[in-house]
Every structure is written in structure tokens, then in C-alpha cells.
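Just below is one structure, and these are the notes that go with it.
Only the coordinates and a few stated rules stand behind these numbers; no lab work does. The model shown is predicted, which means the values in this text are computed figures rather than measured ones. Heads up, the Cβs are rebuilt from the backbone with ideal geometry, glycines too, and the neighbour counts pull from every protein chain shown.
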Amino acid sequence: MSETGSHNDVSENLPSEHGARGGDVAVKSDPFANPGLPPHEHRRQDIDEKAARHSERVVAGLFMLSMLGTLGFIASFVVFPIDKIIYVFPIGHVSALNFSLGLTLGVALFAIGAGAVHWARTLMSDEEVADERHRVDADDELKENVRQQWITGAKESGFGRRKLIRNTMFGALTLVPLSGVVILRDLGPLPEKKLDHTLWTRGKVLVNTNTDKPLRPEDVIVGSLTFARPEGLEEAQEDFQEQIAKAALMIVRLKPEDIKDKRERDWAHEGIVAFSKICTHVGCPISLYEQQTHHVLCPCHQSTFDLSDGARVLFGPAGHPLPQLRISVNGDGNLIALGDFEEPVGPAFWERS
Amino acid sequence: MSTTTDTPTRRGPTNPGERIAEWTDGRLGLYKLAKSNLRKIFPDHWSFMLGEVCLYSFTILILTGVYLTLFFHPSMNEVVYHGPYAPLQGVRMSEAYASTMHISFEVRGGLLIRQIHHWSALIFIAAMIVHMMRVFFTGAFRRPREINWLFGWTLLFLGMFTGFTGYSLPDDLLSGTGVRFMEGAVLSTPVVGTYLSMFLFGGEFPGHDFVGRFYSVHILLLPGLMAGLLVAHLILVFFHKHTQFPGAGKTEKNVVGSPLLPIYTAKAGGFFFLVFGIISAIAAVATINPIWTMGPYRPDQVSTGAQPDWYMGFSEGLIRVMPGWEIRAWGHTLVLGVFIPLMVFPLVMMAIAVYPFIEAWVTGDKREHHLLDRPRNRPVRTGFGVAWLTLYFVLLVGGGNDIFATHFHLSINAITWFVRVSFFVAPVLAYWATKRVCLGLQRRDRDKVLHGRETGIIKRLPHGEFIEVHELLSQQELHVLTAHAQPRPIEVGPEVDENGVERKANPVAKLQARMSRNFYGEHSQIPKPTAEEYEEITSGHGHH
């Protein structure tokens, strides 16, 4: 045996037969030898016909219970109106139909199973038998036979000899799946700059998402959290979901002296600040506001932002602050945007600078 | 059978059943197939039914899933709700959501089937993980079953994605939030993230396509793949014959148990009905995924306590506890805070998938194994398995950090930091502790073999000494406790060859030898009693 091969040859490390104890005959000298299959012990049902008949009745009883379950299912389906609510202790108020259908179906199915298992355990033979195992792999003769067939086949194809055929075939087979890739191109448009812009433009009025009314500075009081969308974006619009997914705003009023970040103060209107509602982590809408600390928390992954300090990340998996929207007031006294966000809203991506 | 088919004296078929069998045999070779399988032996152990739970819950999923397709509209066209559920009157929603509402409130039995479907999905994946752990800890993945291990693992992996695409279909507020999370994760992919997202959603999120696309993936592509893998998995179970635990009469060369017909058919067939019955009862009493309380999805709305289905919890944990790293340079952003968890998620799964091959390489064991290991006798493997599970559960805690925080009045920051540290520390501790426990159990087995079982009977000897009576084990018990092999670790070989020339040790061989020492060295197994030790103790003094 060569030294280089010695680490692969581990036969000497593996236990010999006595270690593995694969033998099936009890050897007197070995106290740990496999004693062989224990003698079969009869159950009561095997020797007492009365016990066997009892088991038979139990099994039949279970099958009959199943029939009753099915009848109960049909009856429930017919009897209970779909909107009937009942009180069931201790679950509470539940749909009568769902409750009765589920339980009767459960009984109908479970009883069949219980009957079959009880039948197998009490009445069918419980004598354990042994089957031989056979090695999975083929013997050498068979291996050689298959090898010869393979060689003959390969030779007849000329695959090894006619290199031109082989190489062009590989080329064709490599290229042909490309069609399958190309045809997927129209799954969607190219990203272009779509993620960089929202509906916000200079002069666009902020509309309260809950009241559908334009937001006025006096509506926003210290300690409350208001959500806003751009004027003109209506639910019935075809692209409402895509637009609101980017344009949703979160409005709070802070005391101007509480705002630590200078740019935030400049972009605010009398302490009213507008931040993107979409979390910069993976895009959940942020909705938990702690009025004492001015922290907002994303309920999905708990990223915490400080709205009094440029919405910087205080904790959690978000990687950058929430983008702020510059706001002001127009002639009608409504809050308006002074332009789009200066950076893309929502989760970060490769093209984001 | 006393006659063969070509004997002219063979009687013709007498009853309709036999005639059908004859007809089928002439076309499909039914009798030859039945000959080797009808009385096939299956060993019995409670843990062997875990795989059956998987099979049956999958079957239930197909049955109930087909029913749901009869009523579900996989469309994101918007409609205004005018159904019987008053709180959503006049609310705009997708047809997908509206049809799920229709199934839940207007189709009699629809809610039941929906709930059976969802409960089965949770049970299916839970059963797959527990079944996989059974196979792992008993070493049932060893040759010749490595490929079947991979089939099973792939089923688990696909099952998770089938579950995810399934619970995203109703387009409710909770599932939509999960899809948004997926979109954010896809966006984090370097270079191609935005392209992948646009192609996946047919444009900007959420678009009007993903329900329809998820639908074909959920009801056709993934279940089709899974059904194929499942059949292959079962064919291999038949082909290899089932493993068995060591015991009286059980060897590497036989399989001891009950025949397929009738015992196993009755038990396994009955078990299908038991599983189905129990899931039906659960669906009757326990509400799952009440989409009506969450409302339709809107990207600017969310509910607190948003949680994915449990099997996605560990990926949720990864994404929650990861620090928000972003590298910005040359006008680009590398979103490591999201991309790393996205990559670690399959790696955690892969770690367990490749284990059988690593173990086979380290131990150099290429033989067939049909007798199962007792987990204590393979402390390193058992330790690795427990470490993997520990990591999984640590991440589940991370995925539910808000739930833990609100239920146990803990700081969410503290939980998150606990998970961050535990991610690295807990698996190591779990490995170390498990190995110690295994070695302790091996020592106890050794004592039991040599000194017998403690009976609890105290005996007073004539000279006043008290002793506890030990009862010697039966031969069957002795055999079970000593049946395992205790291989020696692999050696690298001598530093110099036979001519005294220094030999360059292959670094791969060195690594293998080191890992092999870790597996089978003296710190990893307690020598099992030898026959001589046993004879010496039992034949001599001190036994009662």
C-alpha cells in the first residue's frame, strides 16, 4: 500500500465483524451476541376467541361511528346557515357551520383510522418476520457486462472519434436554453430611474390619508402622527398601489427648538416635518410613534428612527435615515411639497448613490 | 404458490377481482411487482411514523388545495367589496382577496377547507423537520441513503417556498407585508437587484402580476416538483428497505417487522385517516389566518406583530437581528444589512444538507448501514445536530423579538442583542453540552452492562453492610447496549516513509485525520465493555 493512499484506505480503522456484531447466531462465548428473534408471545385475542370478538366489536363500532360522523357532516351542512355564530366554551364565538363540519369530518376520518389501527393491533397477526437484505450495488460480473454494453454503444455512436459532431452538439445544447432566458425578458420593464422618483412635485398639496382633506398646519398638533398622500392620487387609480408605496408620508409637529438637525429644521414648516413612511430597511410602512422621544418604530423589523434628528437610525436593521420631504404652505393655507424627495425612498438598492 | 403461470393446470380466474388483476397483469406486469412488495417487511418504531405525517399532510394539501382553486380568483384586479362581512363593506380590494373572503364567508365548508389547508401546511413542514431530525440523529442518512436524504431535504426547502407563495395569495395586509419584505430583500442583491424586482413583479411593487405568478408557482410548479421528489423518496424507501434499531434478531443483513399486507397497510392507511381527522378537528376549533381581520393589502398600511408562518421565522430572525450595514461607494450601494441574511438563510439550510457527505469523508466509512445509531453513541454528530437546532431556535426567537418583548415585558433591544450574541455562542455551547451528555450516557450504558440495573432494593449483609441489589441485564439488553461499532480515528501515516525519507503529509489528509480524531478519538467515545471485562466481573465476586 502506498503512503499517499494510506489516508484513504481506512479499512484497518473500521471495526471487524465482531465489533459490528452483525452475526445472527448466538455464540455462547460472547455475552453480547445477538440472541436472535425472541419467541412470539400470543396476545389475548390470539388465544381467547371472546377477546377477539370484543376487539371485532370495537373495530366495527369505530367504523359505525365514522358513518355517524359523515351523516352528521351532511346534516350540519344542511341545517346550519353559513352566518350563524354560536358560543362554544372555551373557544368563544365561532361559526356554527365551520365548527360542526370540522368536528363531524374529524370524527368520520379519525374513527376510520382508529378502527383500522385497532384491527391491525389486536386481530391481525403480530408475529414479526425477518426479510433478507441485499446489497444495493451490482457484483463485478454485472458491472463488467454493463461496462461492455456502454463501450459498444459509445463506439457505435462514434462520439469519441468524431470530435466535430461532439463539439458542435455541445455548442448547440449550450445555446438552445438561451431562448428560454430571452423569452422571459418581458416579465417586467427595466428599472431605469423608476425607483428614484415619487409623485411629489413642487406645489403638490398634502392630503390627509384618513380624512381625504388637504392638510393645514393647524391640523397637525404636537404629539400626533398624521399620514399624508399627494393630492390627486385616488384609490381608484390604476397605479394607486405602486404610487402610494413610494409617496406615503408621515407628518409630525415638533417644537422647532427640539429639532436637532439643522437641515431638518430648514425643510420643516413651523416645526412640522414630513418623512417618508416607507422603512429604508425592506419597505414596511412605519406606524408606531413615541411622542415623548419623537422616535418612530417599524412594526415589521423594529428599526427605530429619531424624527427629531434627521430620522437617523437609532436601532434595528435599517441602514440609512428616512428621506425627508421639504414642505411649506401655499396661498390657501394648505401644506405643500417643495419638490420630490432628494433620494429614493424605501429599501436601498445597488443603483442608489 | 404451488403452480406457475405456464403450467397448463393453472386454474383460471374465479372471481371478478382476480379477473381484473389478471387483465392488469397482462398489461402492466402487476404480479411481478406485487410478488416482491405485497409482503414486504416494515420495521416498527414510533419515530418511523413521522415521515408518514409528512406524506399524509401533503396528500391533504393536494386534496384541499384543488378544492380551493375552484373558488379562488388569482387576480389583482380591484373590486369593491359588497359581501356579507360588514366591516369591509365598500372597501377596495383585489379579486384575490375578495374571492378569499367569498370562500370564507359565502361558500359552505369553504372556511373549513381553507383552515385545513393552512393547518396542514404548518404541520407538513413541522413534520418534515422532525422527520429529518429523526433521520439525522439516528444516522439513517448513511450509505446507501444519502441521495434520499437530499431528496427529503429538497422537499423541505421547496415546502417552505410553497408555503410562502401560498399564504401570499390572499393579498391581505399581513401577507402583502411579507411580499414587500421579499421585494426589499430582492432589491438588496448587488448589481441585478432592481432588475430582479421589476421582472418578478412586472414593474414597480406591488404591481398587478404577483398574485397570478405566485399562483402558478404555488399550485403547479412547486407541488409538481415536490410530488415527483416524493414519489422518488418513497421508491427509494422501498428499494433500500427501511432501517431498524439494533435489537434481538436484527442485523445489518435483515429487516425485521410486519408485512405490508395486511399489518402495515392497515396501520399506515389508518394513520392517514387519523392525521386527516385530527387536522379537521383543529380546523374546526382553531382559527388560522383570519384575513378578514387584517383587511386587504395596501403598501402604506401595516399591523403590529406582523409575523410570517412559523417555518419562515428563522429567516425573519436573520433579517431582524442583522445590523443595518450599507456600503456606499462610486455611486452604488451594497446593502449588506439585507443581503447577508438573504445569503445566510440558504447556508443554514445547506449546512445540514451536506452533513452526510462530510461525515462519510471524515470517518472514511463507505459501508452500507441499515442498523440505526443510538444518538448517544455518536456524540459529535448528535452535538452538531443539536447545535444546528439551537441556531434555528435562536433565530426563531429573533424572528419573534417583538412578540417576546410584548409578552415577557422585555426590551426589544436587549432581545435583539441576546440573539446577535447567541447566534455565534449558543450553537457552540449546545454542541459542547450535548457531547458531554452523550458521553455521560455512554458511561451509564457501560455501567449498566457491567454491573446491571439498579433495582432499588437495599439488602443488609450478615456483617451489617448495606448494599443495593443490581439485576443483570438480559442478553437482548446487553446486545442493544453494545451493538454499536467504535471505530478508531484515521491516522495520517508516518512522517517518514520506509526509506527514511521525510514524507510530505497531504494537508487534506491531515485535516481528515484531525476531524476523524474529533469524531472517534478518546474524547469522543467511552470504550464499550468487552466480553472479557464482562466475564471477569460477572463470574467473580460482588454480584447478587
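Some values worked out for this structure:
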item: Distance (nanometres) between label positions extended 7 Å along Cα→Cβ at A:T293 and A:D212; result: 3.8
item: ³J(HN,Hα), Karplus 6.51/-1.76/1.60, whole Hz, each residue of region B:371-376, x for Gly, Pro; result: 8, 7, 7, 7, x, 5
item: Interatomic Cα distance distribution for the protein assembly as shown, bins of 20 angstrom, percent; result: 11, 34, 34, 17, 4, 0
item: Principal axis dimensions, largest first and in whole angstrom, of chain B by Cα; result: 91, 80, 66
item: Acute angle (nearest 10 degrees) that the helix A:96-122 long axis makes with the longest principal axis of chain A, alpha-carbon atoms; result: 20
item: Stretch in chain B that is longest and holds no GluC sites (Glu not before Pro) that DSSP places in a loop and that have at most 14 other beta carbons within 10 Å; result: B:1-464
item: Anisotropy class of region A:194-338 from Cα gyration tensor, a/c 1.5 cut; result: oblate
item: Contact order normalised by residue count of chain B, Cα under 8 Å, 6+ apart, percent; result: 16
item: 0 to 90° range, to nearest 10: angle between helix A:49-79 axis and chain A longest Cα axis; result: 30
item: Pairs of lysine residues in region A:194-338 - Cα separation under 29 Å, sequence separation of 8 or more or cross-chain; result: 20
item: R0 of 25 Å, Cβ-Cβ distance A:K194-A:E235: FRET efficiency to nearest 0.05; result: 0.75
item: Acute angle (nearest 10 degrees) that the helix A:163-175 long axis makes with the longest principal axis of chain A, alpha-carbon atoms; result: 50
item: Cβ-Cβ FRET estimate between A:F89 and B:M343, R0 fixed at 60 Å, reported to 0.05; result: 0.75
item: Quarter of Cα convex hull surface for chain A, i.e. mean projection, nm²; result: 42.4
item: Sites matching GluC sites (Glu not before Pro) across region A:232-317 that sit in DSSP coil, with at most 16 neighbouring C-beta atoms within 10 Å; result: A:E234, A:E235, A:E238, A:E270
item: Span-like helix ranges in chain B, DSSP H, alpha carbon extent 27 angstrom or more, Kyte mean at least 0.5; result: B:50-69, B:110-137, B:146-168, B:265-285, B:379-399
item: Partnerless Cys - the protein assembly as shown, beta-carbon criterion under 4.7 Å; result: B:C54, B:C438
item: Region A:194-338: relative contact order as a whole-number percent, Cα under 8 Å and 6+ apart; result: 24
item: Relative contact order [Cα under 8 Å, 6+ residues apart], chain A, whole percent; result: 11
item: Selection of trypsin sites (Lys or Arg not before Pro), region B:480-544, meeting DSSP coil and at most 11 other Cβ within 10 Å; result: B:K504
item: Formal net charge of residues neighbouring A:L190 (Cβ-Cβ distance under 15 Å; K, R +1; D, E -1); result: -2
item: Volume per residue of the C-alpha convex hull in region B:485-529, rounded to whole Å³; result: 85
